[in-house]
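K.L.:
Here it is, the structure in full.
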Amino acid sequence: MNFELGLRCRDCGKHFKSEPLAGCDECFAPLEVYYDLQAIGKAITPELLERRPSSMWRYREFLPLNSTPLDNPRLTSLAGVGGTPLVPVARLARKLGVRELYVKNDAVNFPTLSFKDRVVAVALSKAIEFGFKVVACSSTGNLANSVAAQAAALGLEAYIFTPSDLEAAKIAGTLVYGAKLIKISGNYDQVNRLCSEIAQRYPWGIVNVNLRPYYAEGSKTVGYEIAQQLDWKLPSSLVCPMAGGSLIGKIARAFDDLRQLGWAAGDTRIFGAQATGCSPISSAVKEGRKDIEPQRPSTIARSLAIGNPADGFYAARTIRATGGWAEDVSDNEILEGMRLLAETEGIFTETAGGVTVACARKLLQQGRIDPQQPIVLVITGNGLKTLDAIIASQAEAPIIAPRMREFEAELVREGATPEVEPEPALAK
Ligand SMILES: Cc1ncc(COP(=O)(O)O)c(C=O)c1O
Ligand SMILES: [Zn+2]
């Protein structure tokens, strides 16, 4: 059952029926799906949700779809999206000096190892409902991977537009699915502008243009999952990376839905994280500006390199309204953040995750996050996709001949003193 009531302009409130639309025709602001929340509250209960298999489709009543992989065989390939772990991270907590810390680990999302699999699962399901045969997107990399993989599995044709300087893994992880990848000699904002023009000329479902209101809804499932995984007690603080600024607002919206339904309790301060080399949203928050000033991105966090974020204004508003804050970190701090999470918790995140960890550390040092209350870090992508960044900062591993003498010489060189088995006693 679809509880969607249609689309609504985020600025002027104008209503639109459910159709592929990029923005409001009156004021050009983004559109948002709205629902009959009371009817959802009557149709399902938290207990019912807990009995469903763990995936994003557990929360299907909160999504704008007539059918899902749970009841439509055409969509079966999407059944495993979402349902990622919320990992209690005690060793990292100790390092950061906080009492209760969790990582929402979308680095292991299915099928392409980023939270984008959630948004694409909704966008492509909706594309099929609208009858599109071709889907497309502009992307900083993760969206490209996800659209390519899911389109292949659903039998849709896919066109992917990206900046030409993408990481090798993100290019390979798009081409392998047979998608048509077109690299643009320009930054993401220029790629996105071209896609908006393409949307007007071609009858395509463009995930982050005319399907954007639907696509964005998939991110709410990150928030519903976190709430349920914490037994419906919302965390005191949550740190989330920002590019276009959509994810952060949708997590806040999910928490609001659950509070309105009376299912979850607690106020969450929402904190936004960016790279200093592309920090239009964090700068606006820190400088107390309402308007987002576009920037020209220059950072190793390429997945977050959106200089003119479509939802930046709303992200900043969410951060302020919840009593949160925003920060940004240098490329070196990003690499330190990636290493810190890997070394303490065995979680290998991409540069965007390094941004989240490093910003959380900075916000704690500034006293903006309460270290005594539960904190969630949203980790959105996998480190295997940004190997270039981490390899460049790692020392070469030693190569030795296969001999004990050489191995022990290496131990001495490293100053290591591992335990050694005692020499066996000589037979008398
Ligand atoms: C790994 C990763 N994290 C976070 C984001 C930010 O999401 P949003 O554009 O919704 O702010 C992106 C967007 O591309 C991403 O790829
Ligand atoms: Zn409007």
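K.L.:
For residues in the range 1-48 being charged (D, E, K, R) and under 18 Å from ARG253 (Cβ atoms), which is farthest from ligand 1 (Cβ to nearest atom)?
P.N.:
Filtering the range 1-48 for residues that are charged (D, E, K, R) and under 18 Å from ARG253 (Cβ atoms), the one farthest from ligand 1 (Cβ to nearest atom) comes out as ASP36.
K.L.:
Report yes if some residue within the range 103-117 is modelled with pLDDT of 95 or more and surrounded by fewer than 17 Cβ atoms within 10 Å (Cβ to Cβ); otherwise report no.
P.N.:
Yes, some residue in the range 103-117 is modelled with pLDDT of 95 or more and surrounded by fewer than 17 Cβ atoms within 10 Å (Cβ to Cβ).
Results for (1) closer than 23 Å to ALA392 by Cα; (2) under 15 Å from the mean Cα position of the chain (by Cα); (3) not polar (S, T, N, Q), shown as yes or no for each residue.
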| residue | (1), (2), (3) |
| --- | --- |
| ALA121 | no, yes, yes |
| ILE128 | no, no, yes |
| VAL134 | no, no, yes |
| SER138 | no, no, no |
| ALA153 | no, no, yes |
| LEU156 | no, no, yes |
| ALA169 | yes, no, yes |
| LEU175 | no, no, yes |
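K.L.:
OK, next. Residue under question is ILE319, and the condition is that it be crowded, with 24+ Cβ neighbours inside 10 Å, in contact (Cβ under 8 Å) with a residue 60 or more places away in the chain and within 16 Å of ligand 1 (Cβ to nearest atom); does it hold?
P.N.:
Criteria met by ILE319.
K.L.:
While we're here: For the range 76-183, which fully contained helices (runs of 4 or more DSSP H) count at least 3 residues that are within 29 Å of GLN228 (Cα to Cα)?
P.N.:
So the answer is 90-96, 116-130, 142-154.
K.L.:
Among LEU181, LEU230, which is the only one that is over 18 Å from GLY82 (Cα atoms), buried (at least 16 other Cβ atoms within 10 Å of the Cβ) and modelled with pLDDT of 95 or more?
P.N.:
Result: LEU181 is the single residue among LEU181, LEU230 that is over 18 Å from GLY82 (Cα atoms), buried (at least 16 other Cβ atoms within 10 Å of the Cβ) and modelled with pLDDT of 95 or more.
K.L.:
Run ALA342 past the list (1) crowded, with 22+ Cβ neighbours inside 10 Å; (2) part of a helix (DSSP H, G or I) and report the number of the one that doesn't hold.
P.N.:
All conditions are met except number (1).
Condition check ((1) among the polar types (S, T, N, Q); (2) outside the structural domain of GLY245 (by TED's automatic domain parsing)) across all residues:
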{"site": "ARG320", "(1), (2)": "no, no"}
{"site": "PHE348", "(1), (2)": "no, no"}
{"site": "ILE375", "(1), (2)": "no, no"}
{"site": "ASN382", "(1), (2)": "yes, no"}
{"site": "ALA401", "(1), (2)": "no, yes"}
{"site": "GLU410", "(1), (2)": "no, yes"}
{"site": "ARG413", "(1), (2)": "no, yes"}
{"site": "GLU419", "(1), (2)": "no, yes"}
{"site": "ALA425", "(1), (2)": "no, yes"}
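Condition check ((1) surrounded by fewer than 22 Cβ atoms within 10 Å (Cβ to Cβ); (2) over 19 Å from THR349 (Cβ atoms); (3) within 16 Å of ligand 2 (Cβ to nearest atom)) across all residues:
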position: CYS240; (1), (2), (3): no, no, no
position: PHE255; (1), (2), (3): no, yes, no
position: TRP263; (1), (2), (3): yes, yes, no
position: THR268; (1), (2), (3): no, yes, no
position: ALA275; (1), (2), (3): no, no, no
position: PRO280; (1), (2), (3): no, yes, no
position: LYS290; (1), (2), (3): yes, yes, no
position: GLU293; (1), (2), (3): yes, yes, no
position: ARG302; (1), (2), (3): no, no, no
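K.L.:
Given the criterion more than 21 Å from SER219 (Cα to Cα) and within 12 Å of ligand 1 (Cβ to nearest atom), identify the matching residue among THR344, THR349, THR386.
P.N.:
Of THR344, THR349, THR386, the one residue that is more than 21 Å from SER219 (Cα to Cα) and within 12 Å of ligand 1 (Cβ to nearest atom) is THR386.
K.L.:
Here is a further query. Could you give every pair whose Cβ atoms fall below 7 Å, whose first residue belongs to the range 228-253 and is free of Cβ contacts under 8 Å to residues at least 40 places away in the same chain and within 24 Å of TYR188 (Cβ to Cβ), and whose second residue is within 14 Å of ligand 1 (Cβ to nearest atom) and among the aliphatic types (A, V, I, L, M), counting only separations of at least 6 or pairs across chains?
P.N.:
LYS250/ALA216
K.L.:
Another question about this same structure. Could you grab the pairs with beta carbons closer than 8 Å, sequence gap of 6+ or different chains, first residue in the range 2-14 and modelled with pLDDT of 95 or more, second one hydroxyl-bearing (Ser, Thr, Tyr) and away from ligand 2 (no atom under 16 Å from the Cβ)?
P.N.:
Once the first residue is modelled with pLDDT of 95 or more and sits in the range 2-14, its partners that are hydroxyl-bearing (Ser, Thr, Tyr) and away from ligand 2 (no atom under 16 Å from the Cβ) give PHE3/TYR35; GLU4/SER18; GLU4/TYR35; LEU5/TYR35; GLY6/SER18; LEU7/SER18.
K.L.:
Determine whether the range 55-78 contains at least one residue that is within 16 Å of ligand 1 (Cβ to nearest atom) and at pLDDT 95 or above.
P.N.:
Checked the range 55-78: at least one residue is within 16 Å of ligand 1 (Cβ to nearest atom) and at pLDDT 95 or above.
K.L.:
Considering only residues that are basic (Lys, Arg) and outside any strand (DSSP E or B), look in the range 1-38 and name the one that is nearest to ligand 2 (Cβ to nearest atom).
P.N.:
Ranking the qualifying residues of the range 1-38, first place goes to LYS14.
K.L.:
Just one of the numbered conditions (1) in a helix (DSSP H, G or I); (2) under 28 Å from ILE390 (Cα atoms); (3) of a type in the set (Val, Ile, Thr) is not true of ILE198; which one?
P.N.:
Condition not satisfied by ILE198: (2).
K.L.:
Still on this structure, please answer the following. If the requirement is being farther than 24 Å from VAL120 by Cβ and either modelled with pLDDT under 95 or not assigned by TED's automatic domain parsing to the domain that holds ALA144 (or both), which of these qualifies: SER237, SER303?
P.N.:
Going through SER237, SER303 in turn, just one is farther than 24 Å from VAL120 by Cβ and either modelled with pLDDT under 95 or not assigned by TED's automatic domain parsing to the domain that holds ALA144 (or both): SER237.
K.L.:
Just checking, which of GLU350, GLU336, GLU406 is surrounded by 19 or more Cβ atoms within 10 Å (Cβ to Cβ) and modelled with pLDDT of 95 or more?
P.N.:
Of the residues listed, the single one that is surrounded by 19 or more Cβ atoms within 10 Å (Cβ to Cβ) and modelled with pLDDT of 95 or more is GLU350.
K.L.:
Pairs under 7 Å by beta carbon, first residue in a loop (DSSP other than H, G, I, E, B) in the range 360-387, partner of a type in the set (Asp, Glu) and surrounded by fewer than 24 Cβ atoms within 10 Å (Cβ to Cβ), six or more apart or different chains?
P.N.:
PRO374/GLU100
K.L.:
Looking at the range 214-261 only, could you name the residues that are assigned to a helix (DSSP H, G or I), over 17 Å from the mean Cα position of the chain (by Cα) and within 15 Å of PHE62 (Cα to Cα)?
P.N.:
Scanning the range 214-261 gives GLN228, ASP256, ASP257, LEU258, ARG259, GLN260.
K.L.:
Also, quick follow-up: In the set LYS220, LYS286, which member is over 21 Å from ARG118 (Cα atoms) and in contact (Cβ under 8 Å) with a residue 24 or more places away in the chain?
P.N.:
Within the list LYS220, LYS286, the selection yields LYS286.
K.L.:
OK, next. Of the conditions (1) buried (at least 24 other Cβ atoms within 10 Å of the Cβ); (2) in the same structural domain as GLY337 (by TED's automatic domain parsing), ARG94 satisfies every one except a single condition; which number is it?
P.N.:
(1)
The values are calculated or read from the model by the stated rules, or taken from the named source; none is laboratory data. Just so it is clear, the structure is predicted and the values come from calculations on it, not from any experiment. Ideal geometry is used to build each Cβ from the backbone, glycine not excepted, and the neighbour counts take in all protein chains shown.
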